[in-house]
Each structure stands twice: as structure tokens, then as C-alpha cells.
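Novice: Have a look at the structure that comes next, please.
The values are calculated or read from the model by the stated rules, or taken from the named source; none is laboratory data. Since the model is a prediction, treat every value here as computed from it, not as a measurement. Cβ: placed from backbone, ideal geometry, glycine included. Neighbour counts: every protein chain shown. The protein model used for the area step is the full one, side chains on, heavy atoms only, and it has no ligands, DNA or RNA in it. Shrake-Rupley method; radii C 1.70, N 1.55, O 1.52, S 1.80 Å.
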Amino acid sequence: MGIKNLKFKIIKKVNTFFIDTLFPKKCLLCEKEVSWLCEICQIKIEFIDFQICPICEKYNTPLGAPCQKCKKQTALTGLIAASKYRKEDTAILIHNFKYNFIADLGQDLGKILLKSTTIHKLPLPQIIISVPLHPRRLRWRGFNQAEILAKYLSKNITPGLPLPISKDNLIRKKYTPAQMKIKNYHERKENLKDAFTIKNPEEIRNKIIWLIDDVATTGSTLFECAKVLKENGAKKIYALVLARQEFRK
Ligand SMILES: [Zn+2]
Ligand SMILES: [Zn+2]
């Protein structure tokens, strides 16, 4: 390890120490001082045991596949939402994970994603890909929340045998306003048009992919990523999110 690296590691350790002392970890839901999410609150999170068509959201479909009517509208094989987006738990956790820079929550939220893949018996991926941030947004936030979740899955799906994770292949080339700031469904879709690209198609060709993001709202981001992945030869693309937020079309 180089001196520079070591120095960085020490600074990071000291920082973590001070942060932990000044702001002891408290469960974000019940305020008990143990971790960001205590075991009791974790158990209360409700898993969704059925999935729906990701486009019309009208019909229950296995593994969140698009229904017959919507099939042609997306390259996604399916969209699995682990739990409901509820203001009393998942919404608080996801918000803190993303906007209050609590990267540590990735472990707890990763567990939720992993559990939902076993509930639904989702076919194992040959490669895991996280929805990328634009480099400008990544610099501002310091981490990509979807990538943290993807790393957790890669390590823990088959413990001891990490599953391949794709890095810097799916790229967000267009800097776009945050989706949450756009209230109109069609504008959201338009906002993301041609926003993504693939650098190395060889890595994904003919593969079963898990595409990871923290939350889906209209699904536009995932549909756009899936389109690019499919065009570059992916075999199946299952999108996996912690929760699906309701959105009025
Ligand atoms: Zn709690
Ligand atoms: Zn449908």
C-alpha cells in the first residue's frame, strides 16, 4: 500500500470515528441506538409477493414481466420491486440512503433486495449491472447508491463465490435534470432518451442480467437502460428495485 493510500485510509478511519461519536447510529425508524435499521423494524418491512406489469401496472405477472398487451413496449424481461414504498419505513430508508449520504445503509437495504430475489425465485444473473449516475452527479454525491446495492448482491447471492459485476460498461452519457423534479410522465421519458450507452457489448452478450436501482417511479430509467442492453445483445434483463413509487400518469 502506498503512503498516499495509507494516509487516505487513516483519515477515513478518523473521520468515521468522529462521525460515529458525534452522531451515534440510531435506527432511522424507531430511534433505538443500534444501527441505521434495527432488527425489529427490519422484520416489519412488507415484502411484495406478487409483481405486476411494469408498463400498465394493471395485471399481476410472474417476475414482473410485461403483460401481453405491453410486451412490445419494453426490453425488460421483468421488474421486481422488493417492497412497497411506504412513508413509515421504506421511503425514509431510501431517502436517507440517497440524499443524506448514509452509504452504510447499503448493507441493510441490500438484504431486502436479496430476500426478494429468493421469494420470487429469480433466475441467477450471469452479470449484475447498476443504473449509472452521470459523472457530474456522482462527484456531487460521492457514491452511486445503486452500485452499493449491486455490490452487496454480488457478494451475498452465493456467499464465497461473488457473481460478476459490470463496472463502467453501461454509461450515462447525457446529464439530465433529476427525474423527481419532472412531474410529467412523457417529459420523464423524453428526458432520458439516448441518455445511456454501452462501452463493451461483449461483456453482456447473451447474458442474463440483473439491473439494479434503488427505486422505480415511472420506470423510464430502467426501460431506457434495458433498451440499450438489449440492443447490445443481452439475453434477459430483470430489473430489481427496493420499491416502486406511485406516480400519476
Ligand atoms: Zn428500529
Ligand atoms: Zn401491461
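Novice: Restricting to segment 29-54, name every residue that is within 16 Å of ligand 2 (Cβ to nearest atom) and of a type in the set (A, V, I, L, M).
Specialist: 52, the sole residue that qualifies.
Novice: Given the conditions (1) surrounded by 19 or more Cβ atoms within 10 Å (Cβ to Cβ); (2) of a type in the set (S, T, N, Q); (3) in contact with a strand residue (DSSP E or B) (Cβ under 6 Å, 6 or more places away or on another chain), report the number of the one that residue 232 does not fulfil.
Specialist: (1)
Novice: Sticking with this structure for a sec: How many residues, within segment 62-90, are more than 16 Å from ligand 2 (Cβ to nearest atom), more than 14 Å from the chain's Cα centre (by Cα) and open to solvent by less than 20 Å² (accessible area, probe 1.4 Å)?
Specialist: Of the residues in that region, 1 qualify.
Novice: Let me ask something additional. Being in contact (Cβ under 8 Å) with a residue 60 or more places away in the chain and among the hydroxyl-bearing types (Ser, Thr, Tyr) is the requirement here; does residue 176 meet it?
Specialist: No; evaluated as a whole, the condition is false for this residue.
Novice: Residues that are surrounded by 12 or more Cβ atoms within 10 Å (Cβ to Cβ) and within 19 Å of the chain's Cα centre (by Cα): find the helices (runs of 4 or more DSSP H) completely inside segment 132-209 holding 3 or more of those.
Specialist: 135-141, 145-156
Novice: Continuing with this model, one more query. Out of everything in segment 41-59 that is surrounded by 17 or more Cβ atoms within 10 Å (Cβ to Cβ) and without any contact (Cβ under 8 Å) to a residue 60 or more places away in the chain, what residue ends up being farthest from ligand 1 (Cβ to nearest atom)?
Specialist: Ranking the candidates gives 53 first.
Novice: Identify all residues within segment 114-131 that are open to solvent by less than 70 Å² (accessible area, probe 1.4 Å) and not in a helix (DSSP H, G or I); write none if there are none.
Specialist: Correct list: 120, 122, 123, 125, 127, 128, 129, 130, 131.
Novice: Could you give every pair whose Cβ atoms fall below 6 Å, whose first residue belongs to segment 60-77 and is under 12 Å from residue 239 (Cα atoms), and whose second residue is within 16 Å of ligand 1 (Cβ to nearest atom) and at pLDDT below 95, counting only separations of at least 6 or pairs across chains?
Specialist: none
Novice: Tell me, yes or no, whether segment 213-224 has at least one residue that is within 11 Å of residue 75 (Cα to Cα), open to solvent by less than 30 Å² (accessible area, probe 1.4 Å), touching a residue at least 60 places away in the same chain (Cβ under 8 Å) and in contact with a strand residue (DSSP E or B) (Cβ under 6 Å, 6 or more places away or on another chain).
Specialist: Among the residues of segment 213-224, at least one is within 11 Å of residue 75 (Cα to Cα), open to solvent by less than 30 Å² (accessible area, probe 1.4 Å), touching a residue at least 60 places away in the same chain (Cβ under 8 Å) and in contact with a strand residue (DSSP E or B) (Cβ under 6 Å, 6 or more places away or on another chain), which makes the answer yes.
Novice: Have a look at 115, 98, 111 and point out the one that is among the basic types (Lys, Arg) and under 26 Å from residue 227 (Cβ atoms).
Specialist: So the residue among 115, 98, 111 that is among the basic types (Lys, Arg) and under 26 Å from residue 227 (Cβ atoms) is 98.
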